[in-house]
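Working notes, beginning with the structure itself.
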Amino acid sequence: MKNEILVIDDNADIRFLICNILEEKGYVVRSAANYDQATIEINKKLPDLAILDIKLDKADKDGIDLLKMIKKLNKSVPVIMISGHANVQVAVDAIRIGAYEFVEKPFSKEKILNYVKRGLEHATLKKDKESLESKLFHSFDLIGESVEITKIKKSINKISVAESRILITGQTGTGKELIARKIHKNSLRSKNPFVVLNSALLDENKYEKELYGEELSDGSVSYGILEKANNGTLLLDEVSEIPLETQANILRVLIDQRFKRINGTKDINVNIRIISSTSKNLSDLVKSGTFREDLYHRLNVVPIEVPSLQSRTSDIPLLINYFKKKLAELNGVQEINLNTSNDLLYTYDWPGNIRELRNLVERITILSVNENETNTNQLLNDILTKNPKIESLENTFNNAMNFPLKEAREEFEKKYLLNKIKTNNGNISKTADQIGMERSALHRKLKSLGIKGIN
């Protein structure tokens with residue numbers, strides 16, 4: 001498919017010249033002579049690349065405004081800015097906003113074609129990288145055979161085909177978005193959009209604009225998340241961070257499935273499945289008055305609690321083997337060899353959970369290129385032992401001295417048993433014999449200490 005380029009310049013001669021140059025090279029070219037024409041063309045269809053003059057014929061709007069519009073719609077679209085009388089600050093501002101290149105008039109045919117070629121190649125490479133990363137890390141593979149993960153997998157199979165709203169809870173990095181994506185993929189909406197709204201990253205004053213979109217004074221429309229997710233699935237990530245005043249509006253949308261854009265007058269009807277996720281306890285927030293109880297009950301129709309990595313350490317070998325294969329593929333290097341029975345992997349707290357483990361494997365994959373297996377495993381030891389979160393049994397003992405007797409004993413027993421179980425590759429019977437306990441008694445002890453996911 002031929003690349004499509006939008007040329008925007010109020011000088012007819014320059015516009016005609018650029019269009020001719022591009023058409024001769026086989027590009028599909030559209031053009032606009034002013035700001036209003038440009039907004040129509042942009043809203044009609046985003047081009048693969050835009051060539052945009054800084055100064056246009058509208059006093060209150062210029063090429064910088066159009067650049068912002070394009071980047072808001074799709075950051076990946078390369079935009080080449082051109083000008084005959086721009087200063088250095090204008091050029092700096094354009095690049096900062098997201099312009100791919102800045103060209104001063106007059107320019108040669110070779111220069112403009114070179115910039116276009118490089119811009120399109122850059123966009124293609126970026127798109128390919130994002131696609132590969134999506135396949136690798138959002139490939140809907142939920143890795144693990146622990147009791148908790150097995151239960152979640154079964155739940156996903158049951159609830160995916162339903163339309164019920166789902167609330168996914170769990171610590172940061174446990175894979176809440178991955179579970180939401182898997183639910184969407186297995187649902188009847190799988191061919192429609194899956195859209196994520198990270199509530200924690202939005203400015204408090206921009207929630208409604210982000211959700212509902214806006215009708216602008218020039219007649220153009222800035223589409224919100226709700227319209228982008230129509231007929232698909234919307235993930236409200238970190239839903240606990242939505243301001244209290246906005247929660248009422250979201251509740252109304254959930255009930256009515258319709259809304260008005262900002263500055264709009266007509267109702268927009270949508271059909272969206274809502275999945276929410278949070279790392280906080282929403283019921284506690286309801287009690288404190290910072291989260292609406294009626295919204296909580298609307299969202300929490302089907303709850304899914306995702307366990308921490310520390311509570312399912314038996315899955316660590318499976319996760320490592322999965323990540324090292326995928327990361328080797330992504331980085332174009334040989335797959336690393338790691339000793340998955342290393343005690344440090346199981347005594348570490350993993351505050352970042354699955355995401356932290358993946359980052360660890362990625363770091364070792366990159367740093368251990370051309371290294372032998374011994375050096376790779378030494379690198380693993382070096383990284384983990386230098387991490388202040390790592391707790392050896394000796395450190396656990398020392399730290400426990402600051403606790404009351406009961407808590408100190410439980411803390412030490414937990415670390416001791418985890419260490420022994422992993423030394424024995426998860427074999428409960430062997431561990432029980434080694435420490436002088438009956439298998440059933442060891443199971444009861446593990447349960448009392450809150451250690452899950454070990455069979």
Taking 0.36 nm per intervening residue step and subtracting the Cα-Cα distance, what contour gain separates Val333 from Asn281 on full extension?
14.6 nm
Which entries in Lys287/Lys420; Lys2/Lys105; Lys206/Lys287; Lys61/Lys206; Lys158/Lys325 show an alpha-carbon gap greater than 32 Å?
Lys287/Lys420
Among Ala32, Leu142, Gly352, the residue whose Cα sits farthest towards the positive end of the charge dipole of the chain, when +1 is placed on the Cβ of each Lys and Arg and -1 on the Cβ of each Asp and Glu, is Leu142
Where the eigenvalues come from the Cα gyration tensor of the chain, what are the semi-axes √(5λ) of the equivalent ellipsoid, largest first, in whole Å?
51, 29, 19
Run the Debye formula on the Cα coordinates of the stretch 10-88, all scatterers equal and no solvent, and tell me log10 I(q)/I(0) at q = 0.14, 0.23 1/Å.
-0.44, -1.23
If you wrap a convex hull around the Cα atoms of the stretch 310-386, how much volume per residue is inside, in Å³?
79
So how strong a dipole does the chain carry about its Cα centre when Lys and Arg Cβ are +1 and Asp and Glu Cβ are -1, to the nearest 20 debye?
1520
P(r) tail fraction, the stretch 147-305 - alpha-carbon pairs more than 23 Å apart, %
37
Rounded to the nearest 500, what is the 222 nm mean residue ellipticity of the chain from helices alone, with -39500 (n - 2.57) per DSSP H run of 4+ residues and division by all residues?
-15000 deg cm²/dmol
Could you give log10 I(q)/I(0) at q = 0.11, 0.16 Å⁻¹ for the stretch 242-343, computed by the Debye formula over C-alpha point scatterers of equal weight, without solvent?
-0.63, -0.83
Given the pairs Lys154/Lys185; Lys25/Lys111; Lys25/Lys117; Lys45/Lys71; Lys25/Lys75; Lys25/Lys72, which span a C-alpha to C-alpha distance of over 18 angstrom in this model?
Lys25/Lys75; Lys25/Lys72
Tell me, how many Å apart are the Cα centres for the stretch 1-38 and for the stretch 270-306?
49
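FYI, it's all coordinate maths here, none of it is from the lab. These numbers were taken from a predicted model, which means no experiment stands behind them. Backbone-built Cβ (ideal geometry, glycine too); neighbour counts: all protein chains shown.
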